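First up is the structure itself, then whatever we jot down about it.
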Amino acid sequence: GNSVTQMEGPVTLSEEAFLTINCTYTATGYPSLFWYVQYPGEGLQLLLKATKADDKGSNKGFEATYRKETTSFHLEKGSVQVSDSAVYFCALSDWNKFYFGSGTKLNVKP
Amino acid sequence: DTGVSQDPRHKITKRGQNVTFRCDPISEHNRLYWYRQTLGQGPEFLTYFQNEAQLEKSRLLSDRFSAERPKGSFSTLEIQRTEQGDSAMYLCASSSEATGSYGYTFGSGTRLTVV
């Protein structure tokens with residue numbers, strides 16, 4: 001079946017630090033991979049996506065590369081800001097519905 | 001376009017009571033989805049509609065849960081005889097058949113607390 005595993009949080013970083021949030025997946029077929037972000041009291045917002053192996057998704061300084069050989073889609077950012085504090089969800093989709101990881105809370109301190 | 005709207009934002013109910021939530025999708029989207037998110041977890045798929053037809057239901061959707069989309073526009077999710085385990089955030093999302101998961105837009109959710 002389809003499932004996503006991501007690193008547990010919370011992750012606490014100082015401003016301008018490098019961020020990595022690990023995500024691995026199990027899937028039947030050829031899913032698309034996504035990162036969503038959820039700010040307190042808000043809904044899910046799409047951060048980036050990748051549709052096939054070796055694709056790199058990027059947005060707002062965040063990047064993730066679809067690695068089929070390691071079944072991974074790790075999220076990275078070179079320099080985090082306080083405003084990046086949120087919960088990040090890795091997800092895969094079979095075109096229709098999503099399978100989400102359990103989320104990783106990121107706290108960025110000034 | 002105001003995005004996906006969910007009402008109410010918060011609902012507190014006593015165990016055993018019935019509750020109903022509403023979702024208004026983006027007007028040109030013909031697909032509508034319901035997810036449930038419990039504390040500290042990612043959202044889990046419950047059900048989805050294409051137009052007015054309910055095409056898939058998760059096994060998470062027990063007999064106490066029912067969802068409708070009578071005219072292919074807004075949708076309602078009803079929970080009968082609520083239990084404390086139903087406490088969660090209920091998220092609605094919409095997309096078009098053409099864009100599928102690439103065009104998902106999520107609402108802000110309805111947070112249900114069963115006391």
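Entry remark, the stretch A:1-18: residues being more than 11 Å from the chain's Cα centre (by Cα), surrounded by 13 or more Cβ atoms within 10 Å (Cβ to Cβ) and at pLDDT 95 or above number 4 in total.
Can you find even one residue in the stretch A:97-107 that is more than 14 Å from chain B (Cβ to nearest Cβ), open to solvent by 10 Å² or more (accessible area, probe 1.4 Å) and not hydrophobic (A, V, I, L, M, F, W, C)? Checked against the condition, which is being more than 14 Å from chain B (Cβ to nearest Cβ), open to solvent by 10 Å² or more (accessible area, probe 1.4 Å) and not hydrophobic (A, V, I, L, M, F, W, C), the stretch A:97-107 yields at least one hit.
From A:W95, A:W35, grab the single residue that is modelled with pLDDT of 95 or more and out of contact with any His (no Cβ under 8 Å at 6 or more places or on another chain). Exactly one residue qualifies, and that residue is A:W35.
Scanning the stretch B:34-59 for residues that are closer than 21 Å to B:T82 by Cα, open to solvent by 60 Å² or more (accessible area, probe 1.4 Å), in contact (Cβ under 8 Å) with a residue 12 or more places away in the chain and over 12 Å from the mean Cα position of the chain (by Cα) yields a count of 1. If you go through the stretch B:62-78 and keep only what is in contact (Cβ under 8 Å) with a residue 60 or more places away in the chain and either within 23 Å of A:F100 (Cα to Cα) or within 11 Å of another protein chain (Cβ to nearest Cβ) (or both), you end up with nothing.
Which is in a strand (DSSP E or B) and away from every other protein chain (no Cβ under 14 Å), of B:R36, B:R22, B:R111, B:R15? It is B:R22.
The values are calculated or read from the model by the stated rules, or taken from the named source; none is laboratory data. Predicted model, so just to flag it, every value in this text is computed and none were measured. Quick reminder, even Gly has a Cβ in these numbers, built from the backbone with ideal geometry, and neighbours come from all protein chains shown. Surface accessibility is based on the protein's heavy atoms, side chains included, excluding ligands, DNA and RNA. Shrake-Rupley method; radii C 1.70, N 1.55, O 1.52, S 1.80 Å.
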